[in-house]
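Supplied in structure tokens, the structure appears directly below.
The values are calculated or read from the model by the stated rules, or taken from the named source; none is laboratory data. Everything numeric here is computed off the predicted structure, so don't read it as measured data. A quick note on method: Cβ atoms are made from the backbone with ideal geometry, for glycine too, and the neighbour counts reach across all protein chains shown. Surface accessibility is based on the protein's heavy atoms, side chains included, excluding ligands, DNA and RNA. Shrake-Rupley method; radii C 1.70, N 1.55, O 1.52, S 1.80 Å.
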Amino acid sequence: MGEEMIHDTASFGSDVKMGKYVKIEENVRIGNNVTIGDFVIIKQGTEIGNNVIIGDLTILGKAPAANSNMARPVEKSLSPLSIGEHVVIGCNTVLYTGTIIHKGVFIGDLASIREKVIIGEESIIGRNAIVEMNTTIGKQVTIQTGSYITADMLIEDHVFIGPCCSTSNDKYMGEGNYRHQGPIIKQGAKVGNNATLLPGIIIGKHAVVGAGAVVTKNVPDNQVVVGNPAKLLTII
Amino acid sequence: MGEEMIHDTASFGSDVKMGKYVKIEENVRIGNNVTIGDFVIIKQGTEIGNNVIIGDLTILGKAPAANSNMARPVEKSLSPLSIGEHVVIGCNTVLYTGTIIHKGVFIGDLASIREKVIIGEESIIGRNAIVEMNTTIGKQVTIQTGSYITADMLIEDHVFIGPCCSTSNDKYMGEGNYRHQGPIIKQGAKVGNNATLLPGIIIGKHAVVGAGAVVTKNVPDNQVVVGNPAKLLTII
Amino acid sequence: MGEEMIHDTASFGSDVKMGKYVKIEENVRIGNNVTIGDFVIIKQGTEIGNNVIIGDLTILGKAPAANSNMARPVEKSLSPLSIGEHVVIGCNTVLYTGTIIHKGVFIGDLASIREKVIIGEESIIGRNAIVEMNTTIGKQVTIQTGSYITADMLIEDHVFIGPCCSTSNDKYMGEGNYRHQGPIIKQGAKVGNNATLLPGIIIGKHAVVGAGAVVTKNVPDNQVVVGNPAKLLTII
């Protein structure tokens with residue numbers, strides 16, 4: 001352990017396996033049997049439960065930043081990043097402060113998750129996936145590799161989102177002085193790879209969005225939509 | 001400061017906040033009030049203006065590389081990477097040499113920007129966004145998260161590109177012994193999320209490309225296109 | 001060289017240029033004239049041929065991990081990561097154990113490649129591209145920036161895949177208790193940018209998939225398909 005990198009207010013459970021060149025800041029709390037990779041940065045106040053695995057070259061608890069041209073100001077007083085038991089975090093990931101990752105979640109390499117996000121138990125965030133601020137993700141949700149989950153979304157339990165899906169929350173594309181609203185994906189819905197969801201769209205319970213579909217209207221419960229623009233699939 | 005990692009030809013303004021394990025190479029010039037994260041590499045000759053913030057695990061001034069199967073040879077004599085005042089750069093980013101980032105630009109985490117790119121004042125390059133070589137981006141442009149900006153593009157001022165957009169510059173897909181040409185996006189145009197732009201396409205001033213559209217022909221000024229292939233939206 | 005980071009069972013050829021803060025684990029074998037960047041982690045058993053270049057902040061030989069909600073269990077006994085001569089690897093990349101990268105391959109920044117992948121000679125894996133487990137890629141294949149290559153794919157020699165393409169291998173989207181099958185892309189085929197390929201689809205020899213196409217059926221040899229769903233392009 002490179003002692004000079006560990007702040008003396010940090011606390012550690014038993015059996016913490018520390019990588020090389022780990023930086024741990026003020027008031028970080030680390031549980032029992034946690035494995036920390038090499039070149040990892042754990043920012044101030046981050047709370048890590050028991051049996052967590054953290055990949056190499058990863059940043060936990062980053063504070064948001066902005067420039068003068070951003071749609072919304074940066075939040076100042078965020079709670080710490082909280083990581084539950086048995087969470088597995090990949091390499092080269094960036095997780096922000098103010099976010100809660102519940103137990104058993106898996107986060108792939110090169111993923112990034114912004115502030116004020118909640119991720120429910122045993123959900124999967126694939127490699128290179130991105131979750132924007134203020135989004136809530138339920139339990140046992142799968143968000144596959146490379147998908148983009150915009151801000152202000154609600155994704156209910158057991159949803160499956162295939163690889164490379166894209167969502168948006170800004171129907172005036174930067175013009176707006178109005179409330180942004182991301183899509184809402186109801187329980188058990190499935191979204192095929194590289195699908196596109198427009199702002200505020202509701203995908204109903206157990207609905208299916210086909211691969212490559214461009215969803216411009218709400219999809220009712222249990223229905224299947226495909227195409228651009230997406231239309232109900234009717235069995236003839 | 002890990003002194004052995006700072007080359008003695010590097011120069012520093014006042015009030016530089018240096019992270020842990022920062023490597024700074026020959027002839028790097030750093031302005032006043034610059035904040036540098038942990039595990040950052042600043043390659044030779046890079047010039048950084050006043051009040052810049054650089055995230056952790058980031059590389060500034062990378063030289064291009066290639067293999068024998070590449071479409072174009074690597075440029076040998078590039079000017080240094082130049083970063084203007086008040087630029088904010090995220091974590092795990094890779095910025096190449098020979099590129100100019102003007103003042104007030106924001107670059108998100110996990111983004112990468114190749115050589116010979118120019119980015120105008122106060123523009124935003126989202127997280128995981130990629131900008132290829134030789135592309136010019138105007139002022140107050142927004143390129144949202146995960147978008148792919150190919151080589152040889154021109155993006156004028158105040159353009160808005162939604163998340164996960166894709167562009168291309170090679171209409172013969174690797175066959176060609178001809179000049180590549182990326183799309184041209186004129187002033188104030190807006191491109192919806194996950195749209196696809198074909199090589200050499202011109203998007204007119206204040207035109208709008210719908211989310212998920214596949215743009216195979218030029219879009220006139222002030223017009224809206226949607227669909228695959230994209231067609232003019234006509235209000236009935 | 002930070003000696004405490006180099007395991008004493010690692011072996012080195014002549015003329016190895018070592019970056020700062022490189023961690024090299026047990027039984028790593030490194031050839032002649034290899035260049036290793038800064039903050040690089042080379043995991044146990046990795047084999048690196050002569051004249052290889054490895055970018056900064058890169059991880060070679062990562063072991064797979066999983067959570068309880070994953071579709072398939074983690075393989076336990078994988079062979080080491082093997083990297084052939086003259087391979088060039090970018091910065092911030094993650095390559096897994098059990099994978100073979102043949103000579104002259106180029107891997108861009110921020111790319112990641114899972115276990116049990118084979119990449120043939122002189123192929124290119126673009127920046128931010130992702131290759132899932134168990135996929136075989138031929139010689140002189142180009143996979144452009146940001147493309148997603150799913151598990152269980154076969155990509156034959158001389159294939160060209162444009163930027164931001166998406167593939168999938170799970171037609172029941174997480175429901176299934178059946179064998180996954182990724183697309184098969186035959187020799188010399190070309191896939192345009194942001195195209196979507198469904199599970200098990202076969203793209204014929206020298207076939208062309210247009211940009212943004214959503215391919216739901218097999219494409220015969222030498223044919224061109226465009227649209228959503230993709231249809232044969234007929235010249236009138």
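Mind checking which residues of the stretch A:166-183 are touching a residue at least 24 places away in the same chain (Cβ under 8 Å), surrounded by 21 or more Cβ atoms within 10 Å (Cβ to Cβ) and farther than 21 Å from A:Thr142 by Cα?
Selection gives A:Asp170 alone.
A further question on this structure: So which residues in the stretch B:138-154 are within 14 Å of chain A (Cβ to nearest Cβ) and under 27 Å from A:Thr93 (Cβ atoms)?
Matches in the stretch B:138-154: B:Thr142, B:Ile143, B:Gln144, B:Thr145, B:Gly146, B:Ser147, B:Tyr148.
Which residue pairs have Cβ atoms under 7 Å apart, sit 6 or more places apart or on different chains, and have a first residue in the stretch B:58-77 that is over 29 Å from C:Val159 (Cα atoms) and a second that is modelled with pLDDT of 75 or more and of a type in the set (Gly, Ala, Ser)?
B:Thr58/B:Gly37; B:Gly61/B:Gly45
So in the stretch A:156-183, with the set limited to residues that are more than 12 Å from chain B (Cβ to nearest Cβ) and at pLDDT below 95, which one is farthest from C:Thr216 (Cα to Cα)?
The qualifying residue farthest from C:Thr216 (Cα to Cα) is A:Asn177.
So C:Met133 ticks every box in (1) within 12 Å of chain A (Cβ to nearest Cβ); (2) without any contact (Cβ under 8 Å) to a residue 40 or more places away in the chain but one. Which box is left unticked?
(2)
Report yes if some residue within the stretch A:108-127 is of a type in the set (S, T, N, Q) and farther than 17 Å from A:Lys62 by Cα; otherwise report no.
Yes, that holds for at least one residue.
Scan the stretch B:150-162 and report the pairs whose first residue is touching a residue at least 60 places away in the same chain (Cβ under 8 Å) and whose second residue is surrounded by fewer than 20 Cβ atoms within 10 Å (Cβ to Cβ) and of a type in the set (Val, Ile, Thr), with Cβ atoms within less than 6 Å and a gap of 6+ or a chain change.
none
A follow-up question, please. For the stretch C:113-126, give me each residue that is crowded, with 24+ Cβ neighbours inside 10 Å, within 12 Å of chain B (Cβ to nearest Cβ) and part of a loop (DSSP other than H, G, I, E, B).
C:Ser123, C:Gly126 - these are the residues of the stretch C:113-126 that are crowded, with 24+ Cβ neighbours inside 10 Å, within 12 Å of chain B (Cβ to nearest Cβ) and part of a loop (DSSP other than H, G, I, E, B).
Another question, if that's okay. For the condition closer than 26 Å to B:Thr93 by Cα, more than 14 Å from chain B (Cβ to nearest Cβ) and not acidic (Asp, Glu), what is the one hit in A:Ser11, A:Ser68, A:Ser82?
Step by step, each of A:Ser11, A:Ser68, A:Ser82 is checked, and only A:Ser82 is closer than 26 Å to B:Thr93 by Cα, more than 14 Å from chain B (Cβ to nearest Cβ) and not acidic (Asp, Glu).
Moving on. Whether any residue in the stretch C:45-54 is at the interface with another protein chain (Cβ under 9 Å from one of its Cβ atoms), out of contact with any strand residue (DSSP E or B) (no Cβ under 8 Å at 6 or more places or on another chain), modelled with pLDDT of 95 or more and surrounded by 16 or more Cβ atoms within 10 Å (Cβ to Cβ) is what I want to check.
Scanning the stretch C:45-54, I find no residue that is at the interface with another protein chain (Cβ under 9 Å from one of its Cβ atoms), out of contact with any strand residue (DSSP E or B) (no Cβ under 8 Å at 6 or more places or on another chain), modelled with pLDDT of 95 or more and surrounded by 16 or more Cβ atoms within 10 Å (Cβ to Cβ), so the answer is no.
Which residues, counting only those in the stretch C:85-103, are within 12 Å of another protein chain (Cβ to nearest Cβ), part of a loop (DSSP other than H, G, I, E, B) and open to solvent by 10 Å² or more (accessible area, probe 1.4 Å)?
C:Glu85, C:His86, C:His102, C:Lys103
How many residues are over 9 Å from the mean Cα position of the chain (by Cα), surrounded by fewer than 24 Cβ atoms within 10 Å (Cβ to Cβ) and assigned to a loop (DSSP other than H, G, I, E, B) when one looks only at the stretch C:128-150?
Number satisfying all stated conditions: 4.
Continuing with the same structure: Got a number for residues in the stretch B:184-233 being away from chain C (no Cβ under 14 Å), hydrophobic (A, V, I, L, M, F, W, C), surrounded by fewer than 22 Cβ atoms within 10 Å (Cβ to Cβ) and not in a strand (DSSP E or B)?
1
To continue, here is another question. Determine which member of the set C:Gly146, C:Gly120, C:Gly108, C:Gly84 is in contact (Cβ under 8 Å) with a residue 24 or more places away in the chain and under 28 Å from B:Cys165 (Cα atoms).
Matching residue, one of C:Gly146, C:Gly120, C:Gly108, C:Gly84: C:Gly108.
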